[in-house]
Amino acid sequence: MGHDAQETDAAAAVDFKEVQSTEQFQELRTRHRSFVFPLSIAFLLWYFAYVLLADYAVGFMSIKVWGNTNVGLILGLLQFVSTFVITTLYVRFARRAVDPAAAEIRRRMGLR
């Protein structure tokens, strides 16, 4: 029997409801949510602020900053920058705080 088949058999034998009720799993879920939810809310507020400014503050967004570059263009480009920053922060957070705990839970379940 191959490694994948063994893992499938081990997963079938696990009571996932029981695992979800453990303190370790609850801690992992809390840790994950305490990072993801605030960051998601912050990004959505930032995104909607940009959309609303573009729609209702055309004069502000049209202010020339340098050459033909205006506030709207800079804020639009910062949307991309913030996406990459958030992704980098999450990857670092996951490697440090989520992945080790998830690996320990999987180990206790008999999966890898």
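Residues that are modelled with pLDDT of 95 or more, of a type in the set (Val, Ile, Thr) and surrounded by 13 or more Cβ atoms within 10 Å (Cβ to Cβ) number at least 1 in the following helices (runs of 4 or more DSSP H) confined to the range 1-103: 23-56, 71-93. Applying a threshold of 8 Å to beta carbon distances and a minimum spacing of six or more residues, or different chains, the list of pairs starting in the range 75-103 at a residue that is under 30 Å from residue 20 (Cβ atoms) and ending at one that is open to solvent by less than 80 Å² (accessible area, probe 1.4 Å) and aromatic (Phe, Trp, Tyr) reads 86/43; 90/35; 93/35; 97/35.
The values are calculated or read from the model by the stated rules, or taken from the named source; none is laboratory data. What you see is a predicted model; the values in this text were computed from it and never measured. All Cβ positions, glycine included, derive from the backbone under ideal geometry; neighbour counts span all protein chains shown. Just the protein is used for accessible areas: all its heavy atoms, side chains included, with ligands, DNA and RNA removed. Shrake-Rupley method; radii C 1.70, N 1.55, O 1.52, S 1.80 Å.
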